[in-house]
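*Asks:* Before anything else, here's the structure in question.
No lab work stands behind these numbers, since they all come straight from the coordinates. Only a predicted model underlies this, so the values are computations on that prediction, with no experimental measurement involved. Note that each Cβ is placed from the backbone with ideal geometry, even for glycine, and that neighbours are counted across all protein chains shown.
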């Protein structure tokens, strides 16, 4: 019996957020048997190369951020004469701390909008069995590229006075993340046995209260994973942010850094430092919640298929 | 409980669709949308000169191969990672590219691939593979593969995580039985695991394909669609037509053709997914 089957029968939902990689305990002791064989070496080599590939771009950003204007052109990995200059002058080039603040504000506000819409909708679809068609529409709307909505939303938002506004951008991000949150949350809500809800309803507890008191406490880890993913999606968003909030004091960090490009002389060292500043919040969030994230992504991906297996 | 979701969907999906249709059939400027009715003129223009059709084709030829490569690499890596004991720190590291803002992925790869001072050229020149710096992003041949490379860097971890999760759902008893019967590991994988994984793998491919079709940020930062039009993918072209050349009506017409194209490219995968799921019950 595999872990996913166990998860389904177990009324507590915690196994869903165990890391997607099998624990050493349930993995076959393959590595022990074949250690130091050519196959084991090949495996290590492949993993090592992949790791190098995954780390290299950000590591090079870090190294570049300590290079002087001349050294940036050297083509070496490590700076020969490391300097703090790029970091010290960072905020004098652009008000990146304000851009960072804008990004965080938009992401938090968008998260609130997403969850306020997606959580009740998922509950209605999964537990009350309403609105299956809406669920289908919601998911298929995710297929369409964001650029499709760009021009119409720009005109409508401008008409409504929502361009160059933190709330306006958060509304777009929040609404466009609803399908993602819906998809992830659906898996988690399905893991809460319907019997629990039915018991509550029989006691005369309304659906809203059942959602709040019975379901949310049980899917807390899944909700956290969903929230982190939505936060990161909004924080990383660039297209709408660049078009809707073009006023300098409202720019988000991704837009601000993209404008480094526009200048005639690009100072690579400074750009690297700015990029690292922009990356730092998401990395901190991802590392802090990494267990939730991997479990959440994995659970969402496999639940649909495991459910069908006998 | 469904009200807000329906309203939100109408606002970000329904309204834009209707509005785009209206824009596509009329002449507009940024200041005055829907100024005059032009009928199907913009569609005739788009279908007539073939430039946009080429962009659509290029977008498909970008999205499908890069998703396939990522799926193959991701599955391979997931299989490798499965047997690794100290996977914990590996798993944290692997998450990071996925979380990086695509704009900054673009910046990082731009620095790596820069002709002057980039690590790629630095190493290849040092090793004597290259005699003169190669401007990867300025080359007709290499610019699109470079965009794919940056895209793969960002999304390979995602595919690996999803493949690992899919591998975890495989029932182990069948495998053990097959192994006891003397089936080789390759045989077990091809004849038992792969068919069981098929729905998950197709699902992952669909997800990646849809996301690859949307690619905008990396192109914007890395190449701005160039050199020439060699990396002009559909999203970038629409953005350029609408918000750079301010030809709103034409951009709207392009948008509709692009939506149609996305449907066309994803439809066979959706059908295949449904077929596989029906077959495996």
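*Asks:* State whether segment A:137-185 is rounded, prolate or oblate according to the following rule on the C-alpha gyration tensor (a ≥ b ≥ c being the square roots of its eigenvalues): a/c under 1.5 gives rounded; otherwise a/b larger than b/c gives prolate, and the remaining case gives oblate.
*Replies:* It is oblate, given that a/c is not under 1.5 and a/b is not larger than b/c.
*Asks:* For segment B:120-259, just say rounded, prolate or oblate: build the C-alpha gyration tensor, square-root its eigenvalues into a ≥ b ≥ c, call rounded for a/c under 1.5, and beyond that prolate if a/b exceeds b/c, oblate if not.
*Replies:* The shape class here is oblate.
*Asks:* Do you know the relative contact order of segment A:62-201, to the nearest whole percent, from alpha carbon pairs under 8 angstrom that are 6+ apart?
*Replies:* Normalised by residue count, the contact order of segment A:62-201 is 28 percent.
*Asks:* Let me check against my output: what whole-number percent is the relative contact order of chain B, with C-alpha pairs under 8 Å and at least 6 apart?
*Replies:* 29 percent
*Asks:* I want to verify a result. In a Gaussian network model of chain B, Cα cutoff 10 Å, which of these has the top mean-square fluctuation: B:105, B:38, B:190?
*Replies:* Top of the fluctuation ranking is B:190.
*Asks:* Moving to a separate point now. For a quick check: sort B:229, A:129 by the number of other beta carbons within 10 angstrom, fewest at the front.
*Replies:* A:129, B:229
*Asks:* I need the calculated FRET efficiency for the pair residue B:49 and residue A:140, taking r as the beta carbon distance and R₀ as 45 Å, to the nearest 0.05.
*Replies:* It comes out at approximately 0.90.
*Asks:* Right, something else. Roughly how many whole Å is it from the C-alpha centroid of segment A:66-88 to that of segment B:176-223?
*Replies:* Going from one Cα centre to the other spans 41 Å.
*Asks:* A further question on this structure: So what's the angle, to the nearest 10 degrees on a 0 to 90 scale, between helix B:88-99 and the longest Cα principal axis of chain B?
*Replies:* 10 degrees
*Asks:* I've got another one for you. In whole percent, what relative contact order does segment B:171-265 give with Cα contacts below 8 Å and a gap of six or more residues?
*Replies:* Relative contact order of segment B:171-265: 14 percent.
*Asks:* Sort A:251, A:44 by Cβ crowding within 10 Å, fewest neighbours at the top.
*Replies:* Sorted ascending by nearby Cβ count, the order is A:44, A:251.
*Asks:* Is chain B rounded, prolate or oblate when judged by the Cα gyration tensor, a ≥ b ≥ c being the square roots of its eigenvalues, rounded requiring a/c under 1.5 and prolate requiring a/b larger than b/c?
*Replies:* It is oblate, given that a/c is not under 1.5 and a/b is not larger than b/c.
*Asks:* Rounded to the nearest 10 degrees, what's the angle between the helix B:102-113 long axis and the longest principal axis of chain B, both from Cα atoms, 0 to 90?
*Replies:* Helix B:102-113 and the main axis of chain B meet at about 80 degrees.
*Asks:* Quick check: pseudo-label points 7 Å beyond the Cα along Cα→Cβ at residue B:274 and residue A:208, how many nm apart are they?
*Replies:* 3.8 nm
*Asks:* Using the number of other C-beta atoms within 10 angstrom as an exposure proxy, rank A:71, B:181 with the fewest first.
*Replies:* The most exposed by this proxy come first: B:181, A:71.
*Asks:* Sticking with this one: If I model a spin label as a point 7 Å beyond the Cα along the Cα-Cβ vector, how far apart are those points for residue A:47 and residue A:116 in nm?
*Replies:* Each label point is offset 7 Å from its Cα along the Cβ direction, giving 4.6 nm.
*Asks:* Just grab the label-to-label distance for residue A:62 and residue A:39, each label 7 Å out from Cα along the Cβ direction, in nm (one decimal).
*Replies:* 3.5 nm
*Asks:* Right, another one. Give the calculated FRET efficiency between residue A:88 and residue B:68 to the nearest 0.05, with a Förster radius of 35 Å applied to their Cβ-Cβ distance.
*Replies:* 0.15
*Asks:* I've got another one for you. Do the sum for chain B: with -39,500 (n - 2.57) for every DSSP H run of n ≥ 4, divided by all residues, what is the mean residue ellipticity at 222 nm, to the nearest 500 deg cm²/dmol?
*Replies:* Helix-only estimate at 222 nm: -23000 deg cm²/dmol.
*Asks:* Between the helical axis of B:234-243 and the dominant principal axis of chain B, each derived from Cα atoms, what acute angle in degrees is found, rounded to the nearest 10?
*Replies:* Computed tilt is about 30 degrees.
*Asks:* Find the Cα radius of gyration of segment A:67-190, compare it with 2.2 N^0.38 Å by division, and give the number to two decimals.
*Replies:* This ratio for segment A:67-190 stands at 1.57.
*Asks:* Can you compute the FRET efficiency between residue B:15 and residue B:229 using 1/(1 + (r/R0)^6), with r the Cβ-Cβ distance and R0 = 30 Å? Round to the nearest 0.05.
*Replies:* For R0 = 30 Å, the calculated efficiency reads 0.45.
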